[in-house]
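Taking it in order: structure first as structure tokens, then the write-up.
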Amino acid sequence: MSKFEIRSQHRCFGGVQGYYQHDSQVVGLPMSFSVYQPPQAQQMPVPVLFFLAGLTCTEETFMIKSGAQRLAAEHGLMLVTMDTSPRQTGIPGETDDWDFGAGAGFYLDATQAPWSKYYRMESYLTQELREIILSQFPADCNHVGIFGHSMGGHGALTLALKHPDLYQSVSAFAPIAAPIHCPWGQKAFRYYLGDNLESWRHHDATSLIEDGHCVPALLIDQGLSDPFLSEQLNLDRFEIACEQAGQELMLRRHEGYDHGYYFISTFMVDHLQHHQGMLASNRT
């Protein structure tokens, strides 16, 4: 079992905000993650939500900017987030672009060298980090949700669609909903996955819906002043796919909101309530 070291811990709304690091066997390098344990976790295992952050973010971004801890303390929800890629791999060009390589792992397992050696974020999330959280923190293994933002929204949707047994609730803020149709996704997929476009469909939320995958009732919030909306996010494609497939979707569009954490923090309460309701309905 992977052991981790405590980098720092902070009292927060009656609970504990912690930052941790461990030597990942899946990635082959040190990986960092953060956990907010609500006060209820001192008495019993609590439901856990994994948050997947967007391009350029780290394990600190969501915990610092989202304002989610106060709400998680009220609802008795554990929050987990992680770095968005391996770091310091030594791969040439890894840090050349902000939208690819370091800080841009796209929550998939790369199949193309040299990226395939370290960039294994899907396995890291669904196997190694999940096992650490469920076995070494007071997390309720039967009540686990996932959500994310932008690239992390893409990750939350695709991982929930591909691993329905792992997540009982899912939501997203401004997700990259059809990456095979946008510059960010095409660039990353070509390097990580190669030129076989059929293999890209396994990492594209819209394609997964079209191919018969489904998730529990889905909440997505999107700002209409988001500068990436038309070129990168492709939510209209995703909405059509969900409608045709019968996938339950609440897609809320908000005038005046952009792509950043002011938008995310505004609607965070709705997402935590969504997850609490979904996870509570699955309690036995």
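Quick notes on this one:
- When residue 67 is tested against (1) crowded, with 20+ Cβ neighbours inside 10 Å; (2) at positive phi, only condition (1) is not met.
- From the options 89, 81, 95, residue that is closer than 23 Å to residue 266 by Cα and β-branched (Val, Ile, Thr): 81
- When residue 259 is tested against (1) out of contact with any strand residue (DSSP E or B) (no Cβ under 8 Å at 6 or more places or on another chain); (2) open to solvent by less than 30 Å² (accessible area, probe 1.4 Å); (3) outside any helix (DSSP H, G or I), just one condition goes unmet, and that condition is (1).
- Among the candidates 270, 226, 221, the residue that is over 25 Å from residue 119 (Cα atoms), open to solvent by less than 70 Å² (accessible area, probe 1.4 Å), among the charged types (D, E, K, R) and assigned to a strand (DSSP E or B) is uniquely 221.
- Those residues of the stretch 101-117 which are open to solvent by 10 Å² or more (accessible area, probe 1.4 Å) and either within 17 Å of residue 232 (Cβ to Cβ) or among the β-branched types (Val, Ile, Thr) (or both), in sequence order: 111
- Qualifying helices (runs of 4 or more DSSP H) (wholly inside the stretch 127-199; at least 2 residues being open to solvent by less than 10 Å² (accessible area, probe 1.4 Å) and over 12 Å from residue 50 (Cβ atoms)): 151-162, 183-193
- Taking the numbered list (1) among the polar types (S, T, N, Q); (2) in a strand (DSSP E or B); (3) surrounded by 15 or more Cβ atoms within 10 Å (Cβ to Cβ) in turn, residue 8 passes all entries but (3).
The values are calculated or read from the model by the stated rules, or taken from the named source; none is laboratory data. The structure presented is a predicted model; accordingly, all values stated were derived computationally and were not measured. Don't worry about glycine lacking a Cβ; one is built from the backbone with ideal geometry, like all the others, and counts go over all protein chains shown. Keep in mind that these areas ignore ligands, DNA and RNA; they rest on the heavy atoms of the full protein, side chains included. Shrake-Rupley method; radii C 1.70, N 1.55, O 1.52, S 1.80 Å.
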